[in-house]
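What follows is a short report on a single structure.
The values are calculated or read from the model by the stated rules, or taken from the named source; none is laboratory data. Predicted, not measured: the structure shown is a model, and the values here were computed from it. All Cβ positions, even for glycine, are placed from backbone atoms using ideal geometry, and neighbour counts span all protein chains on display.
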Amino acid sequence: MPRSGMAWRHVVISTLNSWHHGDARGFRSRGHRIHSSGDYKNPPPVGEHAGLLRYQKSISGDAIDLAEDIRSVVGRSIVAVLLEMNFRLLAAAVVDRHAHVVVELPFELATVKRIIGEAKRKSSRSAKKWMPGRIWSAGGTYKLVTNRSHLKNATDYVLYEQGDDAWTCSFKDATKEGKFRRRRPAPT
């Protein structure tokens, strides 16, 4: 269970330009002024808001993709920042266009956003040699983890469901260097 004044959170951050308005996975603009008829679980019809997507890509540029060899650099940096700030971390994963972290953070959302912002800033700097400029988009998702079962499911999702090319780090990884962890075999 979390310490007093803290909460476990499943944090998801995306790379710059990786999810535009008009995206085939669904989208919502601020205040839901424009939104698709679906979401990533139930995608909207093909081509819905295609013009908006073309426009968004034309003004913002291509998505930032993290190459496999950069994922470990960025992931180790995120883990290091959170551990240096004395937050308990259960799992982290970095893939081509996003990162996941299951971490115990203060309950106040504004504080959480500042902490994750610092992790994003330092991880961008850690990869500056290979990728100058910004890596991460603004914001993120900061889901509260509500119980032990939810915590286990979130941790397993981060560690085992991000694909074979995901760099992952678990609280069980003694060195905190992480690794490319393969998916769990299906139960027989």
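Numbers below:
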read-out	value
Residue match in the range 137-146 (condition: at pLDDT below 90, at negative phi and part of a loop (DSSP other than H, G, I, E, B))	yes
Odd one out for ASP65 among (1) assigned to a helix (DSSP H, G or I); (2) touching a strand residue (DSSP E or B) at 6+ places or on another chain (Cβ under 9 Å)	(1)
Qualifying residue in the range 97-114 (condition: assigned by TED's automatic domain parsing to the domain that holds HIS10, modelled with pLDDT under 90 and either under 20 Å from ASP65 (Cα atoms) or of a type in the set (S, T, N, Q) (or both))	yes
Residues being buried (at least 24 other Cβ atoms within 10 Å of the Cβ) and out of contact with any Lys or Arg (no Cβ under 7 Å at 6 or more places or on another chain) - total across the range 75-99	6
Subset tally (residues that are of a type in the set (Ser, Thr, Tyr) and surrounded by 22 or more Cβ atoms within 10 Å (Cβ to Cβ)) for the range 100-125	1
Residue in the range 177-184 that is touching a strand residue (DSSP E or B) at 6+ places or on another chain (Cβ under 9 Å), at pLDDT 90 or above and not in a loop (DSSP other than H, G, I, E, B) present	no
Close pairs from the range 152-169: first among the polar types (S, T, N, Q), partner part of a strand (DSSP E or B), Cβ under 6 Å, at least 6 apart	THR155/LEU90; THR155/ALA91; THR155/VAL102; GLN162/ALA93; THR168/ALA93
